[in-house]
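> One structure, as C-alpha cells, below. Some questions next.
The values are calculated or read from the model by the stated rules, or taken from the named source; none is laboratory data. Note that the coordinates shown come from a computational prediction; the quantities given were computed from them, not determined experimentally. Ideal geometry is used to build each Cβ from the backbone, glycine not excepted, and the neighbour counts take in all protein chains shown. Accessible surface areas use protein heavy atoms only, side chains included; no ligands, DNA or RNA. Shrake-Rupley method; radii C 1.70, N 1.55, O 1.52, S 1.80 Å.
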Amino acid sequence: MAAANGNHGGRPPAVDGDQLAVALRRRDAKESVTSIARHLGVGRSTLYRTLAAYDEAATTATPHVADH
C-alpha cells in the first residue's frame, strides 16, 4: 500500500533540490565546499558526494547527435 502512495522507503536525501541549487550557485562563485556545507548544515563529504553525482549526471545526460 505504501508504494502505491508513492512511499518507497529508504533514507531521504541529505541535500534536497533547493539546497543543491544553492550549492551549485555558490560553487560557481568559487566558494569553498567547506563554507557551502556549513551554510547548508550538511557534512563536507555529503556535499562532495552530492556534487559529484550531479556532475556525473550532467555529463552523461548530454544528447547524442545522430550522424547524417
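> Can you name the number of the only condition in (1) at pLDDT 90 or above; (2) not in a loop (DSSP other than H, G, I, E, B) that V42 fails?
Exception for V42: condition (2).
> Quick check on my filter: what residues within the stretch 1-25 are assigned to a helix (DSSP H, G or I) and under 13 Å from the mean Cα position of the chain (by Cα)?
Across the stretch 1-25, the qualifying residues are G17, D18, Q19, L20, A21, V22, A23, L24, R25.
> Under 9 Å between Cβ atoms, which residue pairs at least 6 apart in sequence (or on different chains) link something in the stretch 43-63 that is among the basic types (K, R) with a partner that is open to solvent by 70 Å² or more (accessible area, probe 1.4 Å)?
Qualifying pairs under 9 Å: R44/R38.
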